[in-house]
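Novice: The structure is given below, and queries will be raised subsequently.
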Number of protein chains: 2
Amino acid sequence: MDDLSLTTPEQGSETETPAKVAALPNPHELATQLVAKLCHDFISPTGAIISGLDLLSDPSAQDMRDDAVNLIQTSATKLVTLVHFARVAFGAATSAEAFSAKELNKTLSDVFSTMRATLAFDVADEVVFEKPAARALMNLGYIAGNALPTGGTATLRREETDEAIILTAQSNGPRARLKPEAVEGLNGQPLSDGLSGQWIQPFWLHSVVQEAGGTLAVTLEPDSLGIKIVLPKK
Amino acid sequence: MDDLSLTTPEQGSETETPAKVAALPNPHELATQLVAKLCHDFISPTGAIISGLDLLSDPSAQDMRDDAVNLIQTSATKLVTLVHFARVAFGAATSAEAFSAKELNKTLSDVFSTMRATLAFDVADEVVFEKPAARALMNLGYIAGNALPTGGTATLRREETDEAIILTAQSNGPRARLKPEAVEGLNGQPLSDGLSGQWIQPFWLHSVVQEAGGTLAVTLEPDSLGIKIVLPKK
């Protein structure tokens, strides 16, 4: 069992070499990496809509009209899902804004409809998430689902103590795994190798948890991945 | 004539009160504000595509089929424009990536097609922009066009000396103006009042220029706005 306890710099022992610390994204790069990921996610369904329109306007392809409309429909729905997800997971909103578990379940379920994994959202509908917890939960859910490339179940739970809100994700399925980039990101480490697009969201989750003064721990076992986030109450 | 010389913290005199400095966005907020602006820009054409699809599938609105397809077409084109613009203006790319003036002119012209202002892109097609200059130019052009709400001409120029690349925007037209939020943003000041969506892009431009070790100066006269950016060569 491989237990990686990830704590925030304030609480953990920062023994990284200066070179590693220097390679972490500056404010500027954190923003550009995040926008790059969004652009990457948006361009594919946008391109599919354009393809659907080309098909729709092709006089020699009138028998494919329904296919074209379906392609546009599916892609537009995917875009709506992406924007809704990005707004909560990455975007700013007034700090007063809060989200019900029901809303968050809906947004995440839409995202999971594009994945092989199944979402088990084990939080009562009426529970309210403040912004940092909502943002952490969205990213946690996405990463937990993404860790199941051949399918399985990602279960999300929320507990509360006097001092903290605890969010957990349990991904169970064949070959549940995190890419090395994702582990580095969750650990708050700079990207050493691999794809920045696979690294930025885990790093972003680390950054969200750190910003809220919380901790994040990852447990990897065969066919099982657990992530536990503890967010102190203000 | 109102000449606001905006210099980077390293070079300028930082006499702001600590409270003001503290209110500047942290790395986290810079990213979330930028993503919020993107989501805001993306949601409207995405919604229009969904509306067009609804119209297309309504049996009682078959006479509006062409309108529906046109709406989808226009909105999809707008999305492509937004993603292309965002990728250069806000997104990361490999630092090796460079852009020709021709490409940048095309991307900005597409953006101006959604504005009342006319773009005069006065840079030879074959000039090559490295990433920081390309990013600065995209944001400069957008802000210059946005400063002409009732129309006019935004002229973009590039000069080069031994030490620096100089980018200028000149917006001429009735009621050329910057919103107070935009002035604060260009000045690198926190948002004091008004809409964060109007503030973040000017602040982002300030941040891009500062990151590159450059300076930014704004000149406001009746029906005229000038912005000059000096980026030192590496």
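The values are calculated or read from the model by the stated rules, or taken from the named source; none is laboratory data. Only a predicted model underlies this, so the values are computations on that prediction, with no experimental measurement involved. FYI the Cβ positions are ideal-geometry reconstructions off the backbone, even for glycines, and counts take in every protein chain you see. Remember, those area values only see protein heavy atoms, side chains included, never the ligands or the DNA or RNA. Shrake-Rupley method; radii C 1.70, N 1.55, O 1.52, S 1.80 Å.
Novice: Is it fair to say B:L191 is in contact with a Gly (Cβ under 9 Å, 6 or more places away or on another chain) and open to solvent by 30 Å² or more (accessible area, probe 1.4 Å)? I'd like the intermediate steps shown before the answer.
Specialist: Details: in contact with a Gly (Cβ under 9 Å, 6 or more places away or on another chain): yes; open to solvent by 30 Å² or more (accessible area, probe 1.4 Å): yes.
Taking the combined requirement at face value, the residue satisfies it.
Novice: Output the number of residues of region B:75-107 satisfying the condition of being more than 12 Å from every other protein chain (Cβ to nearest Cβ) and open to solvent by 80 Å² or more (accessible area, probe 1.4 Å). Outline the logic, then answer.
Specialist: Quick first cut of region B:75-107, residues more than 12 Å from every other protein chain (Cβ to nearest Cβ) only: B:96, B:98-107.
The next check asks that each one be open to solvent by 80 Å² or more (accessible area, probe 1.4 Å); those that pass are B:96, B:102-103, B:106.
Counting residues in region B:75-107 that are more than 12 Å from every other protein chain (Cβ to nearest Cβ) and open to solvent by 80 Å² or more (accessible area, probe 1.4 Å) gives 4.
Novice: Restricted to region A:113-151, and to residues that are touching a residue at least 40 places away in the same chain (Cβ under 8 Å) and not aliphatic (A, V, I, L, M), which residue is farthest from A:I229 (Cα to Cα)?
Specialist: For region A:113-151, the residue satisfying everything is A:Y142.
Novice: Could you list, in sequence order, the residues of region B:36-60 that are more than 7 Å from every other protein chain (Cβ to nearest Cβ), in a helix (DSSP H, G or I) and farther than 22 Å from A:V35 by Cα? Lay out the reasoning, then the answer.
Specialist: Residues of region B:36-60 that are more than 7 Å from every other protein chain (Cβ to nearest Cβ), as a first pass: B:37, B:40-41, B:44-45, B:47-48, B:51-52, B:54-55, B:57-60.
Then drop every residue that is not in a helix (DSSP H, G or I), which leaves B:37, B:40-41, B:44-45, B:47-48, B:51-52, B:54-55, B:59-60.
Selection gives B:A48, B:S51, B:G52, B:D54, B:L55, B:P59, B:S60.
Novice: I've got another one for you. For the structure I just gave you, tell me whether B:R175 is among the basic types (K, R), in contact (Cβ under 8 Å) with a residue 40 or more places away in the chain and either in contact with a helix residue (DSSP H, G or I) (Cβ under 9 Å, 6 or more places away or on another chain) or within 30 Å of B:D125 (Cα to Cα) (or both). Please lay out each step first, then the result.
Specialist: Values: among the basic types (K, R): yes; in contact (Cβ under 8 Å) with a residue 40 or more places away in the chain: yes; either in contact with a helix residue (DSSP H, G or I) (Cβ under 9 Å, 6 or more places away or on another chain) or within 30 Å of B:D125 (Cα to Cα) (or both): no.
For B:R175, the condition - among the basic types (K, R), in contact (Cβ under 8 Å) with a residue 40 or more places away in the chain and either in contact with a helix residue (DSSP H, G or I) (Cβ under 9 Å, 6 or more places away or on another chain) or within 30 Å of B:D125 (Cα to Cα) (or both) - is not met.
Novice: While we're looking at this one, here's another question. Name the single residue that is most open to solvent (accessible area, probe 1.4 Å) among those in region A:114-143 being at pLDDT 95 or above and of a type in the set (S, T, Y).
Specialist: Out of the qualifying residues, it is A:T118.
Novice: Among (1) more than 14 Å from chain B (Cβ to nearest Cβ); (2) open to solvent by 40 Å² or more (accessible area, probe 1.4 Å); (3) modelled with pLDDT of 95 or more, there is one condition A:D110 misses while meeting the rest; what is its number?
Specialist: Only one criterion is unmet by A:D110, namely (1).
Novice: Please find, among A:L191, A:L148, the residue that is assigned to a loop (DSSP other than H, G, I, E, B), of a type in the set (A, V, I, L, M) and at pLDDT below 95. I'd like the intermediate steps shown before the answer.
Specialist: On the way: A:L148 fails: at pLDDT below 95.
Selected residue: A:L191, the only one of A:L191, A:L148 that is assigned to a loop (DSSP other than H, G, I, E, B), of a type in the set (A, V, I, L, M) and at pLDDT below 95.
Novice: Let me ask something else. Give the number of residues within region B:151-176 that are in a loop (DSSP other than H, G, I, E, B) and buried (at least 19 other Cβ atoms within 10 Å of the Cβ).
Specialist: We begin by selecting, within region B:151-176, every residue in a loop (DSSP other than H, G, I, E, B); these are B:151-152, B:161-163, B:173-176.
Next, from what is left, pick out any that are buried (at least 19 other Cβ atoms within 10 Å of the Cβ): B:152, B:173, B:176.
Going through region B:151-176 one residue at a time, the tally reaches 3.
Novice: Hey, among A:N187, A:N146, which residue is closer than 26 Å to A:K102 by Cα and not β-branched (V, I, T)? Step through it out loud before you land on a result.
Specialist: Details: A:N187 fails: closer than 26 Å to A:K102 by Cα.
From the options A:N187, A:N146, the qualifying one is A:N146.
So that you can scan it fast, the table gives a plain yes or no per residue for (1) over 16 Å from A:I50 (Cα atoms); (2) open to solvent by 30 Å² or more (accessible area, probe 1.4 Å); (3) among the β-branched types (V, I, T); (4) touching a residue at least 24 places away in the same chain (Cβ under 8 Å):
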| position | (1), (2), (3), (4) |
| --- | --- |
| B:L30 | yes, no, no, yes |
| B:Q33 | yes, yes, no, yes |
| B:F42 | no, no, no, yes |
| B:R65 | yes, yes, no, no |
| B:A68 | no, no, no, no |
| B:Q73 | no, yes, no, no |
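Novice: If you don't mind, there's one more thing I want to ask. Tell me yes or no: at least one residue of region A:61-74 is part of a helix (DSSP H, G or I), in contact with a Cys (Cβ under 7 Å, 6 or more places away or on another chain) and either within 10 Å of chain B (Cβ to nearest Cβ) or not aliphatic (A, V, I, L, M) (or both).
Specialist: Going residue by residue through region A:61-74, those that are part of a helix (DSSP H, G or I) are A:61-74.
Still in the running and in contact with a Cys (Cβ under 7 Å, 6 or more places away or on another chain): none.
The answer is no, given that none of the residues of region A:61-74 is part of a helix (DSSP H, G or I), in contact with a Cys (Cβ under 7 Å, 6 or more places away or on another chain) and either within 10 Å of chain B (Cβ to nearest Cβ) or not aliphatic (A, V, I, L, M) (or both).
Novice: Another question about this same structure. Determine which single condition A:P180 fails, assuming it passes every other condition in (1) crowded, with 18+ Cβ neighbours inside 10 Å; (2) without any contact (Cβ under 8 Å) to a residue 40 or more places away in the chain.
Specialist: Condition not satisfied by A:P180: (1).
Novice: Here's another thing I want to ask about it. May I ask you to list the residues in region A:202-225 that are within 19 Å of A:T155 (Cα to Cα) and either within 14 Å of chain B (Cβ to nearest Cβ) or open to solvent by less than 10 Å² (accessible area, probe 1.4 Å) (or both)? Full working, then the answer.
Specialist: The first filter runs over region A:202-225 and keeps only residues within 19 Å of A:T155 (Cα to Cα), leaving A:202, A:205, A:216-225.
A:P202, A:L205, A:L216, A:V218, A:L225 - these are the residues of region A:202-225 that are within 19 Å of A:T155 (Cα to Cα) and either within 14 Å of chain B (Cβ to nearest Cβ) or open to solvent by less than 10 Å² (accessible area, probe 1.4 Å) (or both).
Novice: In region A:93-143, which residues are among the small types (G, A, S) and assigned to a loop (DSSP other than H, G, I, E, B)? Reasoning before the result, please.
Specialist: Looking only at region A:93-143, we keep the residues that are among the small types (G, A, S), and these are A:93, A:95-96, A:98, A:100-101, A:109, A:113, A:117, A:120, A:124, A:133-134, A:136, A:141.
Within region A:93-143, A:A93, A:S95, A:A96, A:S113, A:A117, A:A124 qualify.
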